[in-house]
Amino acid sequence: MALNFSRRNTLLMSIGVLFPSFSFAMKQKRQKRIGITGKGRNQVKSTSKVRTFKGKTKTPAIIGKARPALPLIVLDPGHGGKDPGAIGYSGTYEKHVAYATAVELANQLRRSGRYQVYLTRSSDHFIPLNGRVDFAQKKGANLFISMHADALRNSSVRGASVYTLSNHASDAQSAALASVENQADRYGGPNIHVTSPAVEKILASLVKMETKKESAAMAQNVVLSFNSRVGLLPNPKRHAAFVVLKSVNIPSILVEMGFMSNRRDEAALRQSSYRQLIAMSMKNAVDRYFTIGGSVTHLTG
Ligand SMILES: [Zn+2]
C-alpha cells in the first residue's frame, strides 16, 4: 500500500536528529517489530547464510523477508464480562453489540491484507479502561478505535457520533457520556523516555499535538464515511474526556455507533447487516486515513 508520510514522520525525523537518545529508543522498538533478535545483530534464528562481497559468509541480521510493517490497528469493543455497558430498550447489552461489530470490522480489515489488527478483548470478559490503553501501547498501535453504543436518558436521541479526546467536553451530552464511560482507573503519562525531563516535556507536547491532529483527521473520516449510510447525530464530531482516548502517542477515537436507549438504533444494531454496514464504513475511513494522512511510525520508546 502506498503510504504518504505525514507531518508525524517529519516531526519524528527532526526529533531523531536533535535528540539521538529518543531516536535510539524508537529504533529499538522498530528492530523488535521486524525480528532482529538477541544482544547483537548477528544473533539470529535463521540458519541460512549470505555471501558478502569479500567472499566470506555472514549470518543475516533479519529473520525472513524484510517487508515494511503493516499499520497496526487496535480495536476496542467497549465493556465486557461483568460490565454489560448500556442495556438497550428491549434488553440488548451494549457489550455484545460492540464486540460483534468490532469482530466484523477486524475481519474486513484483515481480509484486505493491508493491516495488522488486534482486539483488546477476544471474548466476553472485563478489562479495565487503563488495561485497554496499555494493550494498545504494548502492541505499538498506529491507530486505536474504541467502539460503543451507549445510552442516554432521552430515549428519542439516535444516531452515530465520533469522539476525540478533550478535557473540555463539546457539549453536556458528551460530558455525561464520558463520565458514565470512565471508571476510577486512570492511565499514566506518555510512554516517552529521554534523559532530560525538560526535553521529555517538550517532545511529549509535540507528539501530543500531532496525535490530536491525526485523531481529529480520523474522526472526520469516520463521519464522512457514515454520512448517508449510517444515521448521524447533529454535530457528530464531538470531544470529551474519555479515559480510553488518553494515549498521548496513538491517534485514538471512540465511535458511538448509535444509542441502545433508542428503540430504532437498538433494533438496527441487533441486525448483522447493519453492523456490516457500520464496519464497511469504518474500514473505508481507515483506508482513507492510512492512504492520505496516516503514519506507520511508532512513537513509543
Ligand atoms: Zn459504552
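Numbers at a glance
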item: Test: Tyr89 is touching a residue at least 12 places away in the same chain (Cβ under 8 Å) and outside any loop (DSSP other than H, G, I, E, B); result: no
item: Members of the range 191-242 that are hydroxyl-bearing (Ser, Thr, Tyr) and surrounded by fewer than 19 Cβ atoms within 10 Å (Cβ to Cβ); result: Thr195, Ser196, Ser205, Ser228
item: Residue ranges of strands (runs of 3 or more DSSP E) in the range 112-206 with at least 1 members modelled with pLDDT of 95 or more, within 15 Å of the ligand (Cβ to nearest atom) and under 26 Å from Tyr99 (Cβ atoms); result: 143-148, 160-165
item: Residue within the range 47-62 that is modelled with pLDDT under 85 and crowded, with 17+ Cβ neighbours inside 10 Å present; result: yes
item: Residue that is nearest to Val248 (Cα to Cα) [pool: residues in the range 144-157 that are buried (at least 19 other Cβ atoms within 10 Å of the Cβ) and over 18 Å from the mean Cα position of the chain (by Cα)]; result: Asp150
item: Residue list for the range 68-104, filter: among the hydrophobic types (A, V, I, L, M, F, W, C) and away from the ligand (no atom under 16 Å from the Cβ); result: Ala69, Leu70, Leu72, Ile73, Val74, Val103
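So that you can scan it fast, the table gives a plain yes or no per residue for (1) surrounded by 14 or more Cβ atoms within 10 Å (Cβ to Cβ); (2) of a type in the set (Asp, Glu); (3) closer than 30 Å to Ala69 by Cα:
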site	(1), (2), (3)
Tyr118	yes, no, yes
Ser122	no, no, yes
Asn142	yes, no, yes
Asn167	no, no, no
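The values are calculated or read from the model by the stated rules, or taken from the named source; none is laboratory data. Note that the coordinates shown come from a computational prediction; the quantities given were computed from them, not determined experimentally. Positions of Cβ are backbone-derived with ideal geometry, glycine not excepted, and every protein chain shown enters the neighbour counts.
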